[in-house]
Amino acid sequence: DQQVKQNSPSLSVQEGRISILNCDYTNSMFDYFLWYKKYPAEGPTFLISISSIKDKNEDGRFTVFLNKSAKHLSLHIVPSQPGDSAVYFCAASALNSNYQLIWGAGTKLIIKP
Amino acid sequence: DTGVSQDPRHKITKRGQNVTFRCDPISEHNRLYWYRQTLGQGPEFLTYFQNEAQLEKSRLLSDRFSAERPKGSFSTLEIQRTEQGDSAMYLCASTHDGFFGQGTRLTVV
């Protein structure tokens, strides 16, 4: 049973436009959500996180939105740059599970010049 | 540089051999997590340490897998009698967010 789902395996966006990556979850106990970026053969790099008490968190070009009622979060990247091309993972955790991360399968983002 | 070091970066081994990986977390972080990632999937939780105590183990961690964290500092993950299905990227994380190592890519041939 996949508790965290990223339904788009890949996404192609024009450089300079907005990239929107989506993530859905099923476990209502999740209270902390994270987005990671990963290049091949490297470990995940943390991008941005959001606590369940918030509905938006912004850091530079990256904004994460959380809709608890829909159990949905999204990552917006604007403007998209060529260096943003990577696989993006959504992860969720809960205090009552020692904050172990439950991950989505990832979305491969391709930024076209 | 994330501050979490994993060694080796790559390991190729023959089926049936034992392998050991090492993770050096950020020194002031008392939590340490091991994850495994196979191609096309997100990382999966394996085990978790709070200081030297192994507090949780996933059912993915068969009896061929053992992890230790002596003195609450570095951690080792050993796989005995490796199988081809063990081929994956093994990731170590220091605290529950942010700081992952570069991973150890294991290939069992």
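The values are calculated or read from the model by the stated rules, or taken from the named source; none is laboratory data. These numbers were taken from a predicted model, which means no experiment stands behind them. All Cβ positions, even for glycine, are placed from backbone atoms using ideal geometry, and neighbour counts span all protein chains on display.
A compact table of results
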read-out: Any hit, the range A:62-79, residues being among the basic types (Lys, Arg), on the phi > 0 side of the Ramachandran plot and in a loop (DSSP other than H, G, I, E, B); value: yes
read-out: Of all residues making up the range B:52-62, the number that are more than 9 Å from chain A (Cβ to nearest Cβ) and closer than 27 Å to A:Pro9 by Cβ; value: 2
read-out: Exclusive hit being of a type outside the set (S, T, N, Q) and over 18 Å from B:Gly40 (Cα atoms), set A:Ala70, A:Ala41; value: A:Ala70
read-out: Condition check for B:Arg36: assigned to a strand (DSSP E or B), within 24 Å of A:Tyr88 (Cβ to Cβ) and among the basic types (Lys, Arg); value: yes
read-out: Condition broken by B:Gln41, with the remaining ones in (1) part of a loop (DSSP other than H, G, I, E, B); (2) within 12 Å of chain A (Cβ to nearest Cβ); (3) farther than 20 Å from A:Val4 by Cα satisfied; value: (3)
read-out: Complete set of residues in the range A:87-113 that are crowded, with 16+ Cβ neighbours inside 10 Å and more than 14 Å from every other protein chain (Cβ to nearest Cβ); value: A:Leu109, A:Ile111
read-out: Lone unmet requirement of (1) in a strand (DSSP E or B); (2) under 20 Å from A:Ser97 (Cβ atoms) for B:Leu61; value: (1)
read-out: Total residues in the range A:9-23, condition crowded, with 16+ Cβ neighbours inside 10 Å and of a type in the set (Gly, Ala, Ser); value: 1
read-out: The listed residue being at pLDDT 95 or above, more than 24 Å from A:Ile50 (Cα to Cα) and not β-branched (Val, Ile, Thr), out of B:Phe21, B:Phe74; value: B:Phe21
read-out: Top-ranked residue of the range A:71-86 - restricted to ones that are over 11 Å from the mean Cα position of the chain (by Cα) and either without any contact (Cβ under 8 Å) to a residue 12 or more places away in the chain or under 18 Å from A:Ser10 (Cβ atoms) (or both), ranked as nearest to the other protein chains (Cβ to nearest Cβ); value: A:Ala86
read-out: Filter result for the condition that a residue is more than 9 Å from chain A (Cβ to nearest Cβ) and touching a helix residue (DSSP H, G or I) at 6+ places or on another chain (Cβ under 8 Å), over B:Phe49, B:Phe65, B:Phe74; value: B:Phe49
read-out: Considering residues of the range A:33-56 that are outside any loop (DSSP other than H, G, I, E, B), among the basic types (Lys, Arg) and over 9 Å from the mean Cα position of the chain (by Cα) only, the residue nearest to the other protein chains (Cβ to nearest Cβ); value: A:Lys38
read-out: Residues being assigned to a strand (DSSP E or B) and aromatic (Phe, Trp, Tyr) - total across the range A:11-32; value: 2
read-out: Selection from the range B:71-101 of residues that are surrounded by 20 or more Cβ atoms within 10 Å (Cβ to Cβ), closer than 22 Å to B:Gly40 by Cα and among the polar types (S, T, N, Q); value: B:Thr82
